[in-house]
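The next block holds one structure in the form of C-alpha cells; read it before the comments.
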2 protein chains.
Amino acid sequence: MSKFTIPTESSYIEAGGIRFAYRKFGQETGIPLVFFIHFRGTMENWDPNMIGVLAESRPIILFDNAGVGESSGETPTTVAEMAKDAATFIKALGLERVDILGFSIGGFVAQELVLQQPNMVRRIVLAGTGPQSGVNDPRKDVYEAMTQVGGDENDALENFLLLFYGPTETSRTAGISSYKRILSQKKVESSPQVLDAQLQAISQWTERDPEQKYDWLQKITQAVLVTNGVKDVMVPTENSYILTENLPNAQLIIYPDSGHGHLFQYPEQFAGHVKLFLDSK
Amino acid sequence: MSKFTIPTESSYIEAGGIRFAYRKFGQETGIPLVFFIHFRGTMENWDPNMIGVLAESRPIILFDNAGVGESSGETPTTVAEMAKDAATFIKALGLERVDILGFSIGGFVAQELVLQQPNMVRRIVLAGTGPQSGVNDPRKDVYEAMTQVGGDENDALENFLLLFYGPTETSRTAGISSYKRILSQKKVESSPQVLDAQLQAISQWTERDPEQKYDWLQKITQAVLVTNGVKDVMVPTENSYILTENLPNAQLIIYPDSGHGHLFQYPEQFAGHVKLFLDSK
C-alpha cells in the first residue's frame, strides 16, 4: 500500500450545544465506519496505516467527542453520557445507520451507544476493551503511565510502549513505528479536564462485581468483532473472552506478541480482518 | 463462488510399508497446504465449500493416514506415531516445506508433527483442537455420539449436529447443509480399528495434569492460527485460549453461535481467514 495520510483539515457541526470536530473521507458511498478513540486520545491518534486500508472500501468518520481535542464543550464523567453525545453527533450528520469501531474506552462508549440506540448501529468492532464490570489487573506502573502529565518526549514514548505493546523487541519496534506515524499527524492534545472526566468514567465502568453475569450483553444482537493482543496490561485480554462468550453474535480475534495496541502493531492485517467482518454476509 | 467439488479420484504413493491414498489439486505452484482430518474421518470429510476457496490460491493435499480410509496399514495408537506416518507421507511426495491444517485429533497430530519435524512446516492452522493435557469436559452424551457404530442415517446426522454444532436453529441449519455436502462426496468409511486406535491415542493425549505449564509449546516457533467455535462440546474452547497464550506466535479466531464444526459452519469466512493468515507477511 502506498503511504496513506489522514486528511488534516477538520469539518465542524453544531448539535446539542456542542461544536463537534470531525474528518470524513474514504469512499463516498456505503455504510460509514465511525471510530471511537482511546483514553486521552483525539481523532489524530489513529494509526494512518490501519485507517488507510479501511478508507479504500468505505466512508470513514473520525471525530472528537464533547470536550475532546478540537470539539467544544466538556467531557462528561460517565460512559453513558459520552455515548449520548456520540449519538447526537451521528444524528447531526444525518446518518441513520453506521458501523462503529471502539478502542479501549472508545469500546465502552461503543457498547453503551448500541444499548441506547440499537437501530443506529449495524455492526460493531470492539478493540482492546471490556464489558462493564470486567476483569481488572491493577498495576501501579500502568496507572502511572496512563495518568502522567508533562514529562519529556522519551517519557511519552516509553509510556506508550508500556501501555500498548509487549515486552519483546518485535512488539516494541512495531510500537515505535506506529508512534512516529501518529506523532507526525498530531497537532492537538486533550485538556486536563478530559483526563479527569475520562478517569472517573473508567473507574465507574470497570468497578468489579465478581458475581456479574453480563446479562445486558444479550441485548446487543448485532454482529460484533472483538479483538485484542494476547497480553493487554491495561484492559486484560480475558475481558475479550468474556465479551465473546456473552455477546450472542461475537467473533474474536487475538493477535500474537502484542497487547492493547494490537491494531496499530498489525495495521494492515487488523484492517483486513475488519473489512472481512464488515463485508461478510 | 461457483459450486466446488473435491476431485473424486485418489492417487497413491508407497512409503514406510504403507500405501498412502491422497488427492492433490488446486494451484500448481506455491506452498502446499496439507490437511489433517478429525476423529474417524477420511479425506472425504472436508467440507468442499471451505476447500474450494483455499484451492483457488494454493496447492491442496488431502490424505488418509496409515490405516485410515483408502490407505493401507494399521492406525497406530499414539499421536506421535500418527505424526511419524504423516511425515513419511509428506517426504514421499518430495515436499520439503508445507503448511498444515489440523482439525480436532488432526490438530493433535499437526502439533506433534511440528515438534518432530520443525523444518518441514512453515505455518500451522489448529482448528477445534487443544494442547496435550488440555481441559476436558467429559459429557456422557458426547462420548456416546463419538463412539456410536451402526445406527441409521438420522442417528448419524444427530450425532454430527451434537458434536459439531450449537443448539441454535442457525447453527443446526448450517450443520445440516455441510453434512449434505460431505455425505454427497463420501464413498469410504473408516474401519473399527481406526476408531479403537484413535480413541486410545486421544485418551493418552487428553489426560489432564492440572499443574501443566505447556512448556513444550514454546518450541513451536512457527506462526500458528488457532480457531474454534465459541462453544465446543468435544474439545472445550478454553483449549484454544491455552494454545494461544502459550504458543509464542499464535493468532486466535473464535466464531459465534458455533462449536467444533465452526470451519464448516462458516466455510467461506474461515477459508478467508486462513488465506489471510497464510499469505500475511
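Right, B:GLY94: without any contact (Cβ under 8 Å) to a residue 24 or more places away in the chain, open to solvent by 40 Å² or more (accessible area, probe 1.4 Å) and more than 29 Å from B:GLY229 (Cα to Cα) or not? Criteria met by B:GLY94. Are any of the residues in segment A:71-87 modelled with pLDDT under 95 and hydroxyl-bearing (Ser, Thr, Tyr)? No, segment A:71-87 contains no residue that is modelled with pLDDT under 95 and hydroxyl-bearing (Ser, Thr, Tyr). Is it the case that A:SER177 is part of a helix (DSSP H, G or I) and open to solvent by 40 Å² or more (accessible area, probe 1.4 Å)? When the stated conditions are applied, A:SER177 passes them. Note on segment B:123-149: residues that are under 23 Å from B:LEU113 (Cα atoms) and among the hydrophobic types (A, V, I, L, M, F, W, C) amount to 5. Every condition in (1) within 17 Å of the chain's Cα centre (by Cα); (2) modelled with pLDDT of 95 or more; (3) away from every other protein chain (no Cβ under 14 Å) is met by A:SER190 except one, and the failing one is (2).
Conditions tested, residue by residue: (1) of a type outside the set (Lys, Arg); (2) over 27 Å from A:PHE270 (Cβ atoms); (3) touching a residue at least 12 places away in the same chain (Cβ under 8 Å).
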{"site": "A:MET82", "(1), (2), (3)": "yes, no, yes"}
{"site": "A:PRO118", "(1), (2), (3)": "yes, no, yes"}
{"site": "A:ARG123", "(1), (2), (3)": "no, no, yes"}
{"site": "A:GLY128", "(1), (2), (3)": "yes, no, yes"}
{"site": "A:GLN132", "(1), (2), (3)": "yes, no, yes"}
{"site": "A:PRO138", "(1), (2), (3)": "yes, yes, no"}
{"site": "A:ALA145", "(1), (2), (3)": "yes, no, yes"}
{"site": "A:THR168", "(1), (2), (3)": "yes, no, yes"}
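When B:ALA201, B:ALA145, B:ALA197 are checked against the criterion of being more than 28 Å from B:ILE254 (Cα to Cα), within 19 Å of the chain's Cα centre (by Cα) and open to solvent by less than 70 Å² (accessible area, probe 1.4 Å), B:ALA197 stands alone in meeting it. When restricted to residues that are more than 7 Å from chain B (Cβ to nearest Cβ) and either buried (at least 22 other Cβ atoms within 10 Å of the Cβ) or in contact with a His (Cβ under 6 Å, 6 or more places away or on another chain) (or both), segment A:235-254 contains 6.
When residues in segment B:88-123 are screened for being more than 15 Å from B:PHE35 (Cβ to Cβ) and either in contact with a Leu (Cβ under 6 Å, 6 or more places away or on another chain) or hydroxyl-bearing (Ser, Thr, Tyr) (or both), 1 of them pass. Would you confirm, using the coordinates I've provided, whether A:ALA80 is among the small types (Gly, Ala, Ser) and open to solvent by less than 20 Å² (accessible area, probe 1.4 Å)? Criteria not met by A:ALA80. In the set A:ASP232, A:ASP279, A:ASP257, only one residue is touching a Gly at 6+ places or on another chain (Cβ under 8 Å), of a type in the set (D, E, K, R), within 14 Å of another protein chain (Cβ to nearest Cβ) and over 25 Å from A:THR75 (Cβ atoms); that residue is A:ASP257. Annotation: of all residues in segment B:255-265 being touching a residue at least 40 places away in the same chain (Cβ under 8 Å), closer than 25 Å to A:THR237 by Cα and of a type outside the set (Gly, Ala, Ser), the one that is most open to solvent (accessible area, probe 1.4 Å) is B:ASP257. For A:GLU44, indicate whether it is under 15 Å from the mean Cα position of the chain (by Cα) and touching a residue at least 60 places away in the same chain (Cβ under 8 Å). Taking the combined requirement at face value, the residue satisfies it.
I'd like the full set of residues that are more than 24 Å from B:TYR241 (Cα to Cα) and in a loop (DSSP other than H, G, I, E, B), limited to segment B:132-149. Residues satisfying the conditions are B:GLN148, B:VAL149. Only a single item in (1) within 13 Å of chain B (Cβ to nearest Cβ); (2) surrounded by fewer than 23 Cβ atoms within 10 Å (Cβ to Cβ); (3) more than 15 Å from A:VAL125 (Cβ to Cβ) is not met by A:TYR214, and it is number (1). Residues that are surrounded by fewer than 23 Cβ atoms within 10 Å (Cβ to Cβ) and touching a Phe, Trp or Tyr at 6+ places or on another chain (Cβ under 8 Å) were ranked within segment B:111-130; the one that is nearest to B:GLU96 (Cα to Cα) is B:ARG123.
Of all the criteria given as (1) within 22 Å of A:ASP137 (Cα to Cα); (2) open to solvent by less than 20 Å² (accessible area, probe 1.4 Å), the one not satisfied by A:VAL274 is (1). Counting only residues that are open to solvent by 50 Å² or more (accessible area, probe 1.4 Å) and part of a helix (DSSP H, G or I), segment A:150-172 holds 8 of them.
Scanning segment B:239-268 for residues that are assigned to a helix (DSSP H, G or I) and closer than 14 Å to A:VAL230 by Cα gives B:SER240, B:TYR241, B:ILE242, B:LEU243, B:THR244, B:GLU245, B:ASN246. Quick one: would you say B:GLN185 is away from every other protein chain (no Cβ under 11 Å), open to solvent by less than 40 Å² (accessible area, probe 1.4 Å) and in a loop (DSSP other than H, G, I, E, B)? Yes: the conditions hold for B:GLN185.
Scan segment A:59-75 for residues that are buried (at least 19 other Cβ atoms within 10 Å of the Cβ) and touching a Lys or Arg at 6+ places or on another chain (Cβ under 8 Å) and the total you get is 6. If you filter segment A:17-58 down to residues that are open to solvent by 40 Å² or more (accessible area, probe 1.4 Å) and β-branched (Val, Ile, Thr), you find that the one that is nearest to A:THR147 (Cα to Cα) is A:ILE31.
Identify, please: which residue in segment B:3-16 is among the hydrophobic types (A, V, I, L, M, F, W, C) and not in a loop (DSSP other than H, G, I, E, B) and is, among those, most open to solvent (accessible area, probe 1.4 Å)? Once the filter is applied, the top-ranked residue is B:ILE13. What's the number of the only condition in (1) without any contact (Cβ under 8 Å) to a residue 12 or more places away in the chain; (2) within 20 Å of A:VAL226 (Cα to Cα); (3) not polar (S, T, N, Q) that A:PHE103 fails to meet? Result: A:PHE103 passes all but (1). Considering (1) farther than 19 Å from A:ASP257 by Cβ; (2) among the hydrophobic types (A, V, I, L, M, F, W, C); (3) within 11 Å of another protein chain (Cβ to nearest Cβ), the lone condition that B:ILE176 does not fulfil carries the number (3). Figure legend. Inter-residue proximity from segment B:56-75: first residues free of Cβ contacts under 8 Å to residues at least 12 places away in the same chain, second residues not in a loop (DSSP other than H, G, I, E, B), beta-carbon distance below 6 Å, spacing 6+ or different chains. No pairs are indicated.
The values are calculated or read from the model by the stated rules, or taken from the named source; none is laboratory data. None of these values were measured; they are calculated from a predicted model. We place every Cβ from the backbone using ideal geometry, glycine too, and count neighbours over all the protein chains shown. Surface accessibility is based on the protein's heavy atoms, side chains included, excluding ligands, DNA and RNA. Shrake-Rupley method; radii C 1.70, N 1.55, O 1.52, S 1.80 Å.
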